[in-house]
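Data block below; observations after.
The values are calculated or read from the model by the stated rules, or taken from the named source; none is laboratory data. Just so we're clear, the structure is a prediction, and the values are computed from it rather than from any experiment. Virtual Cβ from ideal backbone geometry, glycine too; neighbours counted across all protein chains shown.
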Amino acid sequence: MNENELDLIRNSELFDAEWYCGQYPDVRLLNMDPAEHFLRFGWLLDRKPSRDFDLKQVLDSTGTDVSGRRNPLIAFLKHQNAVHASDTSQKQLTKPAPAGEITDVAPNPGRGKQADSEQSDYQLLLTRFDEAYYVRRYQDIARSKVDPALHFLRHGGFEGRNPRADFDTRFYVSQNPDVKAEKINPFLHYLKVGRAEGRQPAPLSAGNQHFDHVAEMLNMSPRQLESLVAERKEDIKGRLLAGELGEMVAKAEKLDPLVKHVWLAALDPGISPIRSQGWTHQIAAMHRLQESAGWRRAKVAVLIPWVHVSGAARVAAYLTTALASLFDPDDIIVIRTETSEFQFPEWFPEGCRQIDFAAETQGMEVSNKQRLLVEFLRSLKLQHVFNVNSLTFWEALEDFGIALSKSMKLHAYLFCNEKNLYGDWVGYPVRNYHKYADILQTVICDSQFLADELAARFLVPPQQAASLRVLDTPINTVIAPATPVMRRPDQRPRVYWAGRLDRQKRVDIAFAIAEQMPDVDFHFWGKPTLDRGFEKLSVPENVTLEGLYKDFEDLPLAKCDAWLYTAEWDGVPNILLDVSSAAIPLVGSIAGGTGEVLVQDMSEPVTQIEDIDAYVRALRRVFSDPAGARSRALKLRDIILSKRSSSAYSASIQSLLTCEDENE
Amino acid sequence: MNEFDLTVVITAHNETLVAGPCVLSVEAAISAADAKGFRVQRLLGLDNPTREAEQYFRQDRLKAWEIAEFSFGDPFQVRNAMVERGSGKWIAFVDADDMVSENWFSNAALRLARAEEEGEKIIVHPELNWIFEAHQMVFAKTDMNDELFLPHYLYFANYYDMMAMAPREAALRIPYGHRDLKHGFGYQDWQWNIETMGAGWRHVVARDTIIFKRRRKNSVSEVNRDRHCIVRDLEPMAIDKVRNLGSGVLPVS
């Protein structure tokens, strides 16, 4: 091991031993000198010598030669030393005359016009270069005798160093491929053409949509705001470097020298409200959300991830409709938190306010998004929040749930759990019930099965059991009984199936059934949504994939002999309610809550869900006695409709809200 | 007539040596205020002090400071109690691990005196927050009349902090909220700033003044952050009121 090289690393500001040990815990475990570790092993493992130093990028931009398996940091430091030595020897070239013209630049042999051009670049650079910042930020420059501005002009700009706090060289290069391609000093490019062309000097500047929105909130143009913030920074820096502020710091430093360690930060003072990208995005998003809400309070919020074909979205719509019968629709606010999808606006009652929270939070850090949601909900001065599968809301409860529950009553819907690829149970009920039941006013289950399961698993005490409610999802549009199938003996029976073409729905079982019944035509509606398992299946010849339908009643129900349902796990799916409402004979798997529709003697429940023969036998029973099957389906229809009316659902919601008021 | 123009309160719990630079900076600032003709009362509020802290603050060197002991376990309740105890027309608090710039009390007092003459209800903050030790950061505070004042910022960040000089009347009328970490509520200074704004007080900054905030692992702000505390749900931040926050500054009645 070369001791000189080890010293070079140890003494370099580019190597941060403390950071290195924290980042790579094996160094401490090996009880090694971190510099030695980097010299011998770290660089071979592509490790960074310090947090902010991207060795690879610097080597690329400076053209440092690292051939022959040299430690690249050593190569770079040697390259740097050579550069500094060269610049120091040419120092007389770099000092501008007071008049602003570099008149004493010694001839630069062989450079001619290039030298003239460098002079003018240098002059231009000096108008905006922050030497105090540069020297504080890059301690290798402070240690060397090089002219900082000249260093930046010739090297620093190409190494990704910043000439001042409000110009981010790496960001500028990343945003402007032409600058990288032409190998121009990025800051000079900005001064010469970039600014005039409206290119952004840093992520948080005019051109950033959230920055621009905050400017609008402040009644100024983005450029005005950018200039104002820059002026404020300059003013403070000026007074710190030569003014009363600076005197105050100097006096404080005498009382505690630690005060002085802050000088680099002081050269880039934060100017509120433009302090960070995170806050700026939150502020702009909050303003836009409140604008969308019409700057009016609301009483109830319903939170949903999105509105597309999904049982949860349908339930959210039923819930909103029920709430609209209890509150002024304008007092109800529906918030889509995960995506902007709003496929079925007609599901929701008119007059409710619809908020696209997802659109305002694209690219926002998860924790900031949660906080924004909490602040938005609180600003609405709500009485109740109903969560119907909003991930952001569930996650926000972790940090802010208790505080939020002091402002409004929190209710959450729980549907069935899911199984992951390994067959393990996952989902909101398994993950969240025990964590948040104490702060939720009500936990609503769509099936008795799920409520019983939770109560049994967690030994829910009687006083808390009342907050675990089962609400029978209503059948909002009562479908008339489908016309009985009039099939001639020579016509093939038809079986329908509909749902997401995902693992949960066990399309593979449905296909296996179809293969066992080549004399029957099977029609499938739906599309893969959550996984790609469907792609691996081969579609039997007697199966027709029909795509999506918009309204259940648009289906050719008069030609359907039987409906097949094969999910492995479920709550009480809407499709079963629709089918039972249409009085179509039903053959389906008992999985979670489906037994609340697939009632024995009124349908054909299959308890062993992978028993293909059982489905086949059940379908054959339906085909052999269509009148009997029809009669049983009509009986099921009567029971389901009486139990699951919209008015019964609204009454349940009302009793839930009233019951809470009484409990207060 | 008040005997004192200004009551300066240092609050402490377990601070010992770290309070040395604090006391020295405060005494230098009091001398500067005294030189400008302001009469300053010195109070020390100890909240559940550790034995070491008690010994430290009862040393002879600090006998010019009148000490009061409490067992709130809440620095803001100490402040409320010290407001009752203090007799200055204005009151300023300093945490025992922070430092102030030498001109803080005098510049802020001059600003308050001017406001009094002009019939303005104001609360004064130092112009800069200079965060040192565990973190390094400097940021400027924004006068409510400044073109960069934006009420929406207060949902996510505090324009000011716990360092303020206010008329004692403001602190009496609007006491600090109690600490409620169990329910996720912290930042009583942030809450107080919003509540006073909502009540018509204008927050301003005293030019060229600085609070040097020593950030330590167990600083109040660190605890708030670690526990993901938020400010209480406040009426001035309601959707239909937030845009007007700060625009309806009321004259002294």
Filter the range A:250-270 for residues that are among the hydrophobic types (A, V, I, L, M, F, W, C) and either more than 7 Å from chain B (Cβ to nearest Cβ) or surrounded by fewer than 19 Cβ atoms within 10 Å (Cβ to Cβ) (or both) and give the result. A:A250, A:L255, A:L258, A:W263, A:L264, A:L267
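Of the residues A:V135, A:V173, which is closer than 25 Å to A:L241 by Cα and of a type in the set (V, I, T)? I'd like the intermediate steps shown before the answer.
Working: A:V173 fails: closer than 25 Å to A:L241 by Cα.
Result of the check over A:V135, A:V173: A:V135.
Where in the range B:33-145 are the helices (runs of 4 or more DSSP H), entirely inside, with at least 1 residues that are within 29 Å of A:I236 (Cα to Cα) and either of a type in the set (V, I, T) or within 14 Å of chain A (Cβ to nearest Cβ) (or both)? Walk me through how you get there before you give the answer.
Details: elements: B:51-57, B:75-85, B:104-118.
The qualifying helices (runs of 4 or more DSSP H) are B:104-118.
Could you list, in sequence order, all residues of the range B:146-155 that are within 7 Å of chain A (Cβ to nearest Cβ) and assigned to a loop (DSSP other than H, G, I, E, B)? Please lay out each step first, then the result.
Step one: list which residues in the range B:146-155 are within 7 Å of chain A (Cβ to nearest Cβ), which gives B:147-148, B:150, B:152-153, B:155.
Within the range B:146-155, B:E147, B:L148, B:L150 meet the criteria.
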Scan (1) within 12 Å of chain B (Cβ to nearest Cβ); (2) free of Cβ contacts under 8 Å to residues at least 60 places away in the same chain for the single condition A:L414 breaks and write down its number. (1)
Which ranges mark the helices (runs of 4 or more DSSP H) fully within the range A:239-335 that have 2 or more residues being among the charged types (D, E, K, R)? A:244-255, A:277-292
All but one of (1) over 22 Å from A:V229 (Cα atoms); (2) surrounded by 22 or more Cβ atoms within 10 Å (Cβ to Cβ) hold for A:N162, so report the exception by its number. (1)
Given (1) modelled with pLDDT under 95; (2) crowded, with 16+ Cβ neighbours inside 10 Å; (3) among the aromatic types (F, W, Y), where does A:Y422 come up short, assuming only one miss? (2)
Considering every residue within the range B:76-88, establish whether at least one is within 16 Å of the chain's Cα centre (by Cα), among the small types (G, A, S) and under 15 Å from B:I211 (Cα atoms). no
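From the list A:R40, A:R69, A:R136, A:R47, pick out the single residue that is in contact with a helix residue (DSSP H, G or I) (Cβ under 6 Å, 6 or more places away or on another chain), basic (K, R) and at pLDDT 55 or above.
Working: A:R40 fails: in contact with a helix residue (DSSP H, G or I) (Cβ under 6 Å, 6 or more places away or on another chain); A:R69 fails: in contact with a helix residue (DSSP H, G or I) (Cβ under 6 Å, 6 or more places away or on another chain); A:R47 fails: in contact with a helix residue (DSSP H, G or I) (Cβ under 6 Å, 6 or more places away or on another chain).
A:R136 is the lone residue from the list that is in contact with a helix residue (DSSP H, G or I) (Cβ under 6 Å, 6 or more places away or on another chain), basic (K, R) and at pLDDT 55 or above.
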For residues in the range B:156-209 being more than 13 Å from chain A (Cβ to nearest Cβ) and of a type in the set (S, T, Y), which is nearest to A:L240 (Cα to Cα)? B:T196
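Go through A:D531, A:D508 for me and flag whichever is farther than 26 Å from A:P345 by Cβ and assigned to a loop (DSSP other than H, G, I, E, B). Can you show your working first?
Values: A:D508 fails: assigned to a loop (DSSP other than H, G, I, E, B).
Matching residue, one of A:D531, A:D508: A:D531.
Pick from A:P489, A:P518, A:P493, A:P474: which is surrounded by fewer than 17 Cβ atoms within 10 Å (Cβ to Cβ), at pLDDT 90 or above, out of contact with any strand residue (DSSP E or B) (no Cβ under 6 Å at 6 or more places or on another chain) and not acidic (D, E)? Before you say what the answer is, go through the steps one by one.
On the way: A:P489 fails: at pLDDT 90 or above; A:P493 fails: surrounded by fewer than 17 Cβ atoms within 10 Å (Cβ to Cβ); A:P474 fails: surrounded by fewer than 17 Cβ atoms within 10 Å (Cβ to Cβ).
Among A:P489, A:P518, A:P493, A:P474, only A:P518 is surrounded by fewer than 17 Cβ atoms within 10 Å (Cβ to Cβ), at pLDDT 90 or above, out of contact with any strand residue (DSSP E or B) (no Cβ under 6 Å at 6 or more places or on another chain) and not acidic (D, E).
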So for the range A:208-227 (the condition being in a helix (DSSP H, G or I), among the polar types (S, T, N, Q), facing chain B (nearest Cβ under 10 Å) and surrounded by fewer than 20 Cβ atoms within 10 Å (Cβ to Cβ)), does at least one residue qualify? yes
Step by step: first the residues of the range B:132-151, then only those that are farther than 13 Å from A:R275 by Cβ and surrounded by 22 or more Cβ atoms within 10 Å (Cβ to Cβ), then the one that is farthest from the chain's Cα centre (by Cα). Which residue is that? B:P151
Scan the range A:316-336 and give yes if some residue there is surrounded by 18 or more Cβ atoms within 10 Å (Cβ to Cβ) and in contact with a His (Cβ under 8 Å, 6 or more places away or on another chain), otherwise no. no
Residue hits (the range A:603-623; without any contact (Cβ under 8 Å) to a residue 40 or more places away in the chain and more than 15 Å from A:W563 (Cα to Cα)) are A:T607, A:Q608, A:D611
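From the list A:L218, A:L188, A:L245, A:L228, pick out the single residue that is touching a strand residue (DSSP E or B) at 6+ places or on another chain (Cβ under 7 Å) and modelled with pLDDT of 95 or more.
Working: A:L218 fails: touching a strand residue (DSSP E or B) at 6+ places or on another chain (Cβ under 7 Å); A:L188 fails: touching a strand residue (DSSP E or B) at 6+ places or on another chain (Cβ under 7 Å); A:L228 fails: touching a strand residue (DSSP E or B) at 6+ places or on another chain (Cβ under 7 Å).
Of A:L218, A:L188, A:L245, A:L228, the one residue that is touching a strand residue (DSSP E or B) at 6+ places or on another chain (Cβ under 7 Å) and modelled with pLDDT of 95 or more is A:L245.
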What do you reckon, is B:H203 touching a residue at least 40 places away in the same chain (Cβ under 8 Å) and either in a loop (DSSP other than H, G, I, E, B) or over 30 Å from A:V262 (Cα atoms) (or both)? no
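Would you say A:I444 is surrounded by 20 or more Cβ atoms within 10 Å (Cβ to Cβ), outside the structural domain of A:N387 (by TED's automatic domain parsing) and in contact (Cβ under 8 Å) with a residue 12 or more places away in the chain?
Working: surrounded by 20 or more Cβ atoms within 10 Å (Cβ to Cβ): yes; outside the structural domain of A:N387 (by TED's automatic domain parsing): no; in contact (Cβ under 8 Å) with a residue 12 or more places away in the chain: yes.
No: the conditions fail for A:I444.
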Being under 35 Å from the mean Cα position of the chain (by Cα) and surrounded by 14 or more Cβ atoms within 10 Å (Cβ to Cβ) narrows it down to one residue among A:F524, A:F511; which is it? A:F524
If I ask for residues that are free of Cβ contacts under 8 Å to residues at least 12 places away in the same chain, of a type in the set (D, E) and within 24 Å of A:D611 (Cα to Cα), which ones from the range A:507-564 would you list? A:E535
Starting from residues that are in contact (Cβ under 8 Å) with a residue 24 or more places away in the chain and among the charged types (D, E, K, R), keep the ones in the range B:86-115 and report whichever is nearest to B:T16 (Cα to Cα). B:D97
Give me a count of the residues in the range A:634-655 that are under 45 Å from the mean Cα position of the chain (by Cα) and in contact (Cβ under 8 Å) with a residue 12 or more places away in the chain. 15
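Among the residues of the range A:288-301, is there at least one that is facing another protein chain (nearest Cβ under 7 Å), crowded, with 19+ Cβ neighbours inside 10 Å and either closer than 28 Å to A:S390 by Cβ or small (G, A, S) (or both)?
Within the range A:288-301, the subset facing another protein chain (nearest Cβ under 7 Å) is A:290, A:293, A:295-297.
Next cut, crowded, with 19+ Cβ neighbours inside 10 Å only: A:290, A:293.
Add one more test, that the residue is either closer than 28 Å to A:S390 by Cβ or small (G, A, S) (or both), and what stays is A:290, A:293.
Within the range A:288-301 (the criterion being facing another protein chain (nearest Cβ under 7 Å), crowded, with 19+ Cβ neighbours inside 10 Å and either closer than 28 Å to A:S390 by Cβ or small (G, A, S) (or both)), the answer is yes, since at least one residue qualifies.
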